[in-house]
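Chemist: Take a look at the following structure, please.
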Amino acid sequence: MAFVFALMLLTVPGVLSLANAVMGFGNELVFTIGVLYGISRGIQESTLLNYGVKYVLGMPGTLEVALARLVFPVMVLSAFMNNTPLVAMLIPAVQQWSRQIGLPTRQLLMPLSFATILGGMCTQIGTSVNLVVGSLQNGLDGANMGFFEVGFGAVPASILGGIYMCFAARYLLPASRDEPAETDRTRSSVLETMNSQRLFTTGVRVQGLPSISPRGIATAQGMLHLTALNGVPVRSSAADTPVPLHEGDTLRFDGGVEAILELYRMDGVVPLQIEHLERLTASWTKRVIALAVVGVGSSLVGETFGTLRFRSAYGAVVVAIHSKSGGEGDDTDWASHVIGVGDAFLLECDPWFLERHREDADFACVTEVAGGGASILPRDRPLQAVLALSVVMFVIATSSTGILKLGTASMLGCFTLLFCRTMSISQAVGSVSGATLVTIGAGFGLAKALVTTGASSEIAKVIAAAFAGHSPSLLYLGLFLITGLLANVISPVACVNLMFPIAFGIPEARSEAHVEDCLGVLQIAASCSLCTPFSYQTNLMVAEAAGYSVMDFVRFGGPLFCIACTSTVLLATFLVWGPGHLS
């Protein structure tokens, strides 16, 4: 909104014409980025990333190996999809994985965010910054930065940055917290009470042959206690004894709400109620996880779930129970459970359940579990995953070879995912970040204002006096430092919109000998939001999830910024882009 406000201040007194102010919103780049958001959502809904998490992360023994398995695959993914949904999907997966392998979450989440930033630099579609520069370069003589050209400088910087993160995280990101940070500050008081004071009972069945004991599952998921194996009660002392698991084994656990939800997401086990879950009418993408507490005078008291035909009558499946009487029994067959006053149920339900029963006298309380997500069913969709991967390869191949424009290829890919029902229209539309598109569209108008008012040429003269005229490397260094520091104060897209007319107001930067070098430096520097949490969305997300401070970002991201700067300036000077260099 700051950019829109600035446009208004320039348009009202006539400094900038209305046509120039709004010209950016008609730019094909705005449409292209919007469509790419849809493709990213399609990748998310296809469960393509699930396979990566399942088969790539594994069970590493050290922090360095764990980071290598996390950072480098994430860089590859972020080169072809939007960073924000990628990090949003991976944060809970990494939190769960960290508990399974016994490593601190705080040493994994900041590298996750930085890996998406570094990987996004490497292709034209990896980040909005590169797309903006690709659009703006059309007016420069000798500029021809294609799909992969920025990667000639960005890939080495990313590899060096990945190596740095693998070995430095242990020392610069100390695991100072024993407990994971609370990620949802608006969680209801009811849920807090359930999670901290009441234990729920649930059951899972072994699917596949996980190389982990029942006790190992309980330890990996945090506050879980193994109470029964194949229907036989397990004493507390026996629960610590390693027991091999076999296909079809059933396990009963007691634990808090969050620990149970994470148990359901663990590879190798499925809820015992999976058959009932599969029969719910609502799509798994629209379901919610809810808590319901039986009230005094409820008509449910004394009934069983079997006699009530609970799933058919309420559109919900009970997956865990806290029984006020403590009479859950030795198994988790809820059909025979006699409902009592004060019993609490963890449910997977149709969306209308909350609306219909929130004021229902049968329940003292009905509330959605914040952060519970959609269905706890296993969500692998192999055919859709293959389709999503094919769409990504199609967009890359056709746009990089010039067969189709990026916008056209992206539009075809997005409509393919919609036609094949990989995602719904509402999901595609909901994935578009309106704030980002407005910032980009308004940024074109501000860039035009900098040129027409002569402000960009005046600023360029100051920068040229300080850095140009000596050696190309000094010019590249100056551009990187000014752009990179600005990118840590405002958003990368806003930064590149402001810096582009300034950078190419320098005569030396516009020359054919240096124009591509300056374009590459500008793209990489504008993406280096590595030193503050507020300059980039993914940094904010991991900061909230792991409780990072600004100094944590400065301490860990500062050296990474210097590595990217040094690598990019040296490569631009001696090896990549420009005449006679690799490009």
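The values are calculated or read from the model by the stated rules, or taken from the named source; none is laboratory data. Just so we're clear, the structure is a prediction, and the values are computed from it rather than from any experiment. Here the Cβ is made from the backbone with ideal geometry for all residues, glycine too, and neighbour counts use every protein chain on show. Note: accessible area is taken over every heavy atom of the protein model, side chains too, but ligands, DNA and RNA are not part of it. Shrake-Rupley method; radii C 1.70, N 1.55, O 1.52, S 1.80 Å.
Chemist: Considering (1) open to solvent by less than 20 Å² (accessible area, probe 1.4 Å); (2) farther than 30 Å from GLY443 by Cβ; (3) in a helix (DSSP H, G or I), say which one VAL56 fails and leave the rest.
Modeler: (1)
Chemist: Something else now. Report yes if VAL341 is assigned to a loop (DSSP other than H, G, I, E, B) and at pLDDT 80 or above, otherwise no.
Modeler: yes
Chemist: Right, another one. Condition (residue is in contact with a Phe, Trp or Tyr (Cβ under 7 Å, 6 or more places away or on another chain) and either at pLDDT 80 or above or surrounded by 20 or more Cβ atoms within 10 Å (Cβ to Cβ) (or both)) applied to segment 413-429: is it met by at least one residue? Quick ask: steps written out before the conclusion?
Modeler: Of segment 413-429, the ones in contact with a Phe, Trp or Tyr (Cβ under 7 Å, 6 or more places away or on another chain) are 413.
Now drop any that are not either at pLDDT 80 or above or surrounded by 20 or more Cβ atoms within 10 Å (Cβ to Cβ) (or both), which leaves 413.
Looking through segment 413-429, at least one residue is in contact with a Phe, Trp or Tyr (Cβ under 7 Å, 6 or more places away or on another chain) and either at pLDDT 80 or above or surrounded by 20 or more Cβ atoms within 10 Å (Cβ to Cβ) (or both).
Chemist: Consider segment 33-74. How many of its residues are modelled with pLDDT of 85 or more and closer than 30 Å to LEU498 by Cα?
Modeler: Here the count works out to 5.
Chemist: Continuing with the same structure: Would you check which residues across segment 71-105 are open to solvent by less than 30 Å² (accessible area, probe 1.4 Å) and part of a loop (DSSP other than H, G, I, E, B) and list them?
Modeler: Listed by number, the residues that qualify are ALA79, MET81.
Chemist: If I ask for residues that are assigned to a loop (DSSP other than H, G, I, E, B) and over 19 Å from THR436 (Cα atoms), which ones from segment 508-529 would you list?
Modeler: Hits for segment 508-529 are SER511, GLU512, ALA513, HIS514.
Chemist: Please give the number of the condition ILE490 fails out of (1) in contact with a helix residue (DSSP H, G or I) (Cβ under 7 Å, 6 or more places away or on another chain); (2) surrounded by fewer than 22 Cβ atoms within 10 Å (Cβ to Cβ).
Modeler: (1)
Chemist: Here's something else I'd like to know. Can you name the number of the only condition in (1) within 28 Å of GLY441 (Cβ to Cβ); (2) open to solvent by 20 Å² or more (accessible area, probe 1.4 Å) that VAL155 fails?
Modeler: (1)
Chemist: Determine whether segment 163-184 contains at least one residue that is within 21 Å of ALA259 (Cβ to Cβ), in contact with an Asp or Glu (Cβ under 8 Å, 6 or more places away or on another chain) and at pLDDT below 90. Spell out the reasoning first.
Modeler: Filtering segment 163-184 down to residues within 21 Å of ALA259 (Cβ to Cβ) leaves 175, 177-184.
Remaining after also requiring in contact with an Asp or Glu (Cβ under 8 Å, 6 or more places away or on another chain): 181, 183.
This time we only want the ones that are at pLDDT below 90, so: 181, 183.
The answer is yes, given that some residue of segment 163-184 is within 21 Å of ALA259 (Cβ to Cβ), in contact with an Asp or Glu (Cβ under 8 Å, 6 or more places away or on another chain) and at pLDDT below 90.
Chemist: Would you check if MET541 is open to solvent by 10 Å² or more (accessible area, probe 1.4 Å), hydrophobic (A, V, I, L, M, F, W, C) and out of contact with any helix residue (DSSP H, G or I) (no Cβ under 9 Å at 6 or more places or on another chain)?
Modeler: Numbers: open to solvent by 10 Å² or more (accessible area, probe 1.4 Å): yes; hydrophobic (A, V, I, L, M, F, W, C): yes; out of contact with any helix residue (DSSP H, G or I) (no Cβ under 9 Å at 6 or more places or on another chain): no.
So MET541 does not fit the description; no.
Chemist: Still on this structure: Among the listed residues LEU540, LEU560, LEU485, which satisfies the condition of being without any contact (Cβ under 8 Å) to a residue 12 or more places away in the chain and touching a Phe, Trp or Tyr at 6+ places or on another chain (Cβ under 7 Å)?
Modeler: Details: LEU560 fails: without any contact (Cβ under 8 Å) to a residue 12 or more places away in the chain; LEU485 fails: touching a Phe, Trp or Tyr at 6+ places or on another chain (Cβ under 7 Å).
That would be LEU540, the only listed residue that is without any contact (Cβ under 8 Å) to a residue 12 or more places away in the chain and touching a Phe, Trp or Tyr at 6+ places or on another chain (Cβ under 7 Å).
Chemist: Then there's this: Taking LEU109, is it over 18 Å from VAL76 (Cβ atoms), open to solvent by less than 20 Å² (accessible area, probe 1.4 Å) and touching a helix residue (DSSP H, G or I) at 6+ places or on another chain (Cβ under 8 Å)?
Modeler: Numbers: over 18 Å from VAL76 (Cβ atoms): yes; open to solvent by less than 20 Å² (accessible area, probe 1.4 Å): yes; touching a helix residue (DSSP H, G or I) at 6+ places or on another chain (Cβ under 8 Å): yes.
Yes; evaluated as a whole, the condition is true for this residue.
Let's see how each residue does on (1) acidic (Asp, Glu); (2) over 30 Å from VAL569 (Cα atoms); (3) at pLDDT 90 or above; (4) surrounded by 18 or more Cβ atoms within 10 Å (Cβ to Cβ):
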| residue | (1), (2), (3), (4) |
| --- | --- |
| ASN130 | no, no, no, yes |
| GLY134 | no, no, no, yes |
| ALA143 | no, no, no, yes |
| PHE148 | no, no, no, no |
| THR186 | no, yes, no, no |
| LEU199 | no, yes, no, yes |
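Chemist: Now for a different question. Of the residues LEU479, LEU406, which single one is surrounded by 23 or more Cβ atoms within 10 Å (Cβ to Cβ) and under 22 Å from VAL76 (Cα atoms)?
Modeler: When all the criteria are applied, what remains is LEU406.
Chemist: Across segment 530-562, what is the number of residues that are assigned to a loop (DSSP other than H, G, I, E, B) and among the small types (Gly, Ala, Ser)?
Modeler: Qualifying residue count, segment 530-562: 3.
Chemist: Considering only residues of segment 250-267 that are open to solvent by less than 20 Å² (accessible area, probe 1.4 Å) and within 21 Å of LYS54 (Cα to Cα), which is modelled with the lowest pLDDT?
Modeler: MET266
Chemist: Grab the helices (runs of 4 or more DSSP H) fully contained in segment 419-505, keeping just those with 3 or more residues being within 36 Å of the chain's Cα centre (by Cα).
Modeler: Result: 425-431, 434-452, 472-487, 492-503.
Chemist: Can you name the residue in segment 13-25 that is small (Gly, Ala, Ser) and free of Cβ contacts under 8 Å to residues at least 12 places away in the same chain and, of all such residues, is nearest to GLY434 (Cα to Cα)?
Modeler: That would be ALA19.
Chemist: Quick one: count up the residues across segment 268-289 that are among the polar types (S, T, N, Q), surrounded by fewer than 17 Cβ atoms within 10 Å (Cβ to Cβ) and modelled with pLDDT of 75 or more. Can you show your working first?
Modeler: Filtering segment 268-289 for residues among the polar types (S, T, N, Q) gives 273, 281, 283, 285.
Then drop every residue that is not surrounded by fewer than 17 Cβ atoms within 10 Å (Cβ to Cβ), which leaves 281, 283, 285.
Filter once more, keeping what is modelled with pLDDT of 75 or more: 281.
Qualifying residue count for the region: 1.
Chemist: Identify, by number, the condition in (1) in a helix (DSSP H, G or I); (2) surrounded by fewer than 19 Cβ atoms within 10 Å (Cβ to Cβ); (3) free of Cβ contacts under 8 Å to residues at least 60 places away in the same chain that ALA68 doesn't meet.
Modeler: Just one mismatch for ALA68, condition (3).
Chemist: Another question, if that's okay. Collect the residues in segment 393-408 that are in a helix (DSSP H, G or I), of a type in the set (A, V, I, L, M) and more than 24 Å from the chain's Cα centre (by Cα), keeping them in residue-number order.
Modeler: ALA397, the sole residue that qualifies.
Chemist: Now, a different point. Of all residues being within 36 Å of the chain's Cα centre (by Cα) and open to solvent by less than 20 Å² (accessible area, probe 1.4 Å) in segment 9-29, which is modelled with the highest pLDDT? Just the residue, please.
Modeler: The extreme case among them is ALA21.
Chemist: So THR47 ticks every box in (1) open to solvent by 40 Å² or more (accessible area, probe 1.4 Å); (2) among the β-branched types (Val, Ile, Thr); (3) under 30 Å from GLN384 (Cβ atoms) but one. Which box is left unticked?
Modeler: Only one criterion is unmet by THR47, namely (1).
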